[in-house]
1. Out of the trypsin sites (Lys or Arg not before Pro) in region 1-97, which ones are loop residues according to DSSP with at most 11 other C-beta atoms within 10 Å?
2. Cα centroid distance between region 1-30 and region 77-101, in Å?
3. For the chain, with a Gaussian network of springs between Cα atoms less than 10 Å apart, report the residue from Ser88, Ser73, Ser15 with the top mean-square fluctuation.
4. Take the Cα of Met19, step 7 Å along the line toward its Cβ, and report every residue of region 58-102 whose backbone nitrogen sits under 18 Å from that point.
5. If you average 1/r over every pair of different alpha-carbon atoms in region 1-46 and take one over that average, what Kirkwood value in Å do you get?
6. Run lengths n ≥ 4 of DSSP H only: what is the helix-derived mean residue ellipticity at 222 nm for the chain, with -39500 (n - 2.57) per run over all residues, to the nearest 500?
7. Out of (i) 1.01; (ii) 1.74; (iii) 1.05, which label holds the value of Rg/Rh (Cα atoms, Kirkwood Rh) that was computed here?
8. Can you tell me the alpha carbon radius of gyration of region 60-111 divided by the globular rule-of-thumb value 2.2 N^0.38 Å?
Amino acid sequence: MKGTTLTFAQNVETSKDSMNNPVYEVVNIEVANCLIAPIIEPSSAREQQSMEQSRDQVRVHIPKAHTGDLSNSAITYNGKVFTLDSDSVVFMNENTPTPWNRYFRAESING
C-alpha cells in the first residue's frame with residue numbers, strides 16, 4: 001500500500017463576534033502517508049443511508065506518526081470536497097501492525 005499526502009482544511013474557532021457567536025478561521029493541516037479509498041461495502045447504517053442517497057463517501061486512514069486533531073475538517077480528493085464525520089478513536093499501536101492506527105469516514109458535499 002502506498003500512502004498519499006492529504007491537506008485537511010480545519011475550521012478553528014478564533015474568537016467571538018459582538019453577538020457572542022464563534023468566529024472561525026480555516027487552518028490547513030498537511031498529513032503525509034494517508035490511505036484513502038471509496039466505501040463500496042457499507043459497515044454501518046449511516047454508510048448504507050449515504051449509499052442509498054447516492055452520496056460519495058471515502059474512508060481515510062491516518063498514520064500513527066500524526067497525533068493531532070483533525071475534527072471539523074474537509075479534504076479535496078479527485079476534485080470533490082469531503083467532510084469528515086468526527087475525529088476517530090486511536091487504536092492501540094501494539095494491536096495495529098500497520099502504519100495506520102485510526103480512520104475516518106468522509107462524505108462528499110459537492111456531488
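Where a number appears in this text, it was derived from the coordinates with a stated rule and is not lab data. These numbers come from a predicted model, not from an experiment. For neighbour counting, all protein chains shown are included, and Cβ atoms are generated from backbone atoms with ideal geometry for every residue, glycine included.
1. Within region 1-97, the qualifying trypsin sites (Lys or Arg not before Pro) (loop, at most 11 other Cβ atoms within 10 Å) are Lys2.
2. 18 Å
3. Ser15
4. Label zone hits: none.
5. 13.8 Å
6. -2000 deg cm²/dmol
7. Comparing each candidate, only (i) matches the computed number.
8. That works out to 1.23 for region 60-111.
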